[in-house]
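The values are calculated or read from the model by the stated rules, or taken from the named source; none is laboratory data. Here the structure is a predicted model, which is why all the values come from computation and not from measurement. Because the Cβ atoms are built from the backbone with ideal geometry, glycine has one as well, and the counts that use them run over all protein chains shown. For the accessible areas, the whole protein counts, side chains as well, though only heavy atoms, and no ligand, DNA or RNA atoms are used. Shrake-Rupley method; radii C 1.70, N 1.55, O 1.52, S 1.80 Å.
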Amino acid sequence: MLIEQAIFTSAQTARSDGYQIVAHSPGIDELDLREIAVYGPSHDALWEPGDDASSVNFFPLPCGDYCVAKSTASGQEYSARRGPRIYTQCLVVTAETLAAFSNNALALLAAAFAQGHLRVYEQAPPELEPFRLCGRSATVDEALLTRLLSEPGITWLQTLIEAAVTAPNLALLAPNHAQRLLAGLIQCLPLECRLQFSFSTGL
């Protein structure tokens with residue numbers, strides 16, 4: 001499975017100063033690049049303070065593919081502005097690729113991390129190369145769902161699932177468990193619904 005990628009961060013380049021796409025692999029459509037730039041988080045966008053702050057985002061792209069993005073606090077702004085630079089690596093994937101990971105963007109991102117494909121460049125190269133991602137994921141992580149049924153409990157989880165499938169927008173404040181709850185929520189959705197469920201964490 002071939003994955004295209006792009007980097008959105010703060011930099012001073014020949015094209016512009018500030019937050020922008022500083023590098024991308026050649027297989028990404030220009031319309032999709034513009035959409036990625038619209039979604040890219042900029043200065044002071046991460047909810048949590050500190051160097052461990054991060055965000056995961058998933059959304060459809062105009063040309064029919066999907067973006068799975070990981071944002072982290074990494075280094076300092078080139079302009080010496082206070083606060084960390086926000087660095088986002090965006091993976092552009094097809095529906096077929098996501099299907100191998102049970103339409104679960106978090107599972108795909110975990111596989112990319114495990115295989116060493118998520119990396120922060122201090123100085124981004126002028127052009128990125130697409131990479132091959134191996135693996136598959138199960139439709140449901142039974143161990144995770146068992147933990148969620150215990151804490152926060154079945155009633156709470158049912159309420160979350162109902163809100164996710166009926167509300168046009170959903171905000172979840174759960175500082176200590178947000179990523180785990182989101183992972184469980186995705187796995188409770190039917191496979192055909194998961195690609196329709198865009199999300200952002202930690203912003």
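Note on the stretch 21-52: residues that are touching a Ser or Thr at 6+ places or on another chain (Cβ under 7 Å) and modelled with pLDDT of 90 or more total 3.
Of the helices (runs of 4 or more DSSP H) lying entirely inside the stretch 144-195, the ones with 2 or more residues being at pLDDT 80 or above and open to solvent by 90 Å² or more (accessible area, probe 1.4 Å) are found at 154-166. Scanning the stretch 1-18 for residues that are open to solvent by 30 Å² or more (accessible area, probe 1.4 Å) and either under 22 Å from residue 133 (Cα atoms) or at pLDDT 95 or above (or both) gives 1, 2, 4. If you take the residues in the stretch 113-140 that are among the aliphatic types (A, V, I, L, M), surrounded by fewer than 17 Cβ atoms within 10 Å (Cβ to Cβ) and assigned to a loop (DSSP other than H, G, I, E, B), which one is modelled with the highest pLDDT? So, considering only residues that are among the aliphatic types (A, V, I, L, M), surrounded by fewer than 17 Cβ atoms within 10 Å (Cβ to Cβ) and assigned to a loop (DSSP other than H, G, I, E, B), the one modelled with the highest pLDDT is 118.
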